[in-house]
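Presented below is the structure to which this report refers.
The values are calculated or read from the model by the stated rules, or taken from the named source; none is laboratory data. These figures come from a predicted structure and were not determined experimentally. Don't worry about glycine lacking a Cβ; one is built from the backbone with ideal geometry, like all the others, and counts go over all protein chains shown. Accessible surface is based on the protein model in full, side chains and every heavy atom, while ligands, DNA and RNA are left aside. Shrake-Rupley method; radii C 1.70, N 1.55, O 1.52, S 1.80 Å.
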Amino acid sequence: CDKCNQSYQECLYRFIFSATISDATATTWVSVFDDQAQVLLDGVLANDLQKIYADGDVSSQEAYDAVFNKATFTDWVFTCKVKQEMVQDEMRIKTSIQSMHKMDYAKEGRSLLNAVLAM
């Protein structure tokens, strides 16, 4: 480990990747970290996915791709953290997912109805 200057027998892999999320109004890139990635990928651990990827044969590649394809075009409710950063004299907006849960259409519908009735 570079941070603590120690050696370990096994590496603990963790997810960190960028993803595109969108709704009816816009599309944006977000950073996805280990906890949220496990939720998004239906409980698949980074260690397990790395073993599939390391096998290197065609069926392993298909299994690897299938994990991500299963999460494609699914409905979620995200809580995101957005911040501005200066990178090489350019202001950039960084968005990362703080929490997420599957869309519950009945619950969201009741919430919208209550908001309308409260007006």
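Under 5 Å between amide H atoms, partner at least 5 residues away or on a different chain: which partners does Trp76 have, H built in plane at 1.01 Å?
Met103
Return the FRET efficiency for the residue pair Ala63, Asp23: r is the Cβ-Cβ distance, R0 is 30 Å, and the value is rounded to the nearest 0.05.
Numbers: r = 30 Å, r/R0 = 1.01.
So the FRET efficiency works out to roughly 0.50.
Quick one: grab the alpha carbon gyration tensor of the stretch 1-106, order the square roots of its eigenvalues as a ≥ b ≥ c, and give me rounded if a/c is under 1.5, else prolate or oblate depending on whether a/b is larger than b/c.
In terms of gyration-tensor shape, oblate.
Provide the per-residue ³J(HN,Hα) series for the stretch 90-99, in order, calculated from phi with Karplus coefficients 6.51, -1.76, 1.60 and θ = phi - 60°, each as a whole number of Hz, with x at glycine and proline positions.
10, 7, 10, 9, 10, 10, 10, 7, 8, 8
At a Förster distance of 35 Å, what's the computed FRET efficiency of Asn114 paired with Phe73, Cβ-Cβ distance as r, to 0.05?
That gives a FRET efficiency of 0.75.
Measuring from a point 7 Å past the Cα of Glu10 along Cα-to-C-beta, which residues in the stretch 42-82 have an amide N at less than 18 Å?
Residues passing the 18 Å test: 44-55.
At a Cα cut-off below 21 Å, give the lysines reachable from Lys83, other chains included and same-chain residues fewer than 8 away excluded.
Straight-distance partners of Lys83: Lys94.
Explain nothing, just compute: Karplus ³J(HN,Hα) = 6.51 cos²θ - 1.76 cosθ + 1.60, θ = phi - 60°, for every residue of the stretch 6-21 in order, whole Hz, x for Gly and Pro.
10, 10, 10, 5, 10, 8, 9, 6, 9, 7, 7, 8, 9, 9, 9, 10
For the stretch 30-41, what does the Karplus curve 6.51 cos²θ - 1.76 cosθ + 1.60, with θ = phi - 60°, yield as ³J(HN,Hα) per residue in whole Hz, taken in order and with x for Gly and Pro?
Values, residue by residue: 10, 8, 10, 10, 3, 4, 6, 5, 5, 5, 4, 8 Hz.
Compare Thr25, Thr95, Thr74 by solvent-accessible area with a 1.4 Å probe and give them largest first, with all protein chains kept in place.
Sorted by accessible area, descending: Thr25, Thr74, Thr95.
Leaving ligands, DNA and RNA out of it, report the carbon-plus-sulfur percent of the accessible area of the stretch 33-102 at a 1.4 Å probe.
Exposed carbon and sulfur together represent 51 percent of the surface.
With +1 on the Cβ of every Lys and Arg and -1 on the Cβ of every Asp and Glu, and nothing else charged, how large is the dipole of the stretch 17-119 about its Cα centre, in debye rounded to the nearest 20? If you can, show how the numbers build up before the last one.
Numbers: 9 positive and 15 negative charges, 102 e Å.
Its charge dipole is roughly 480 debye.
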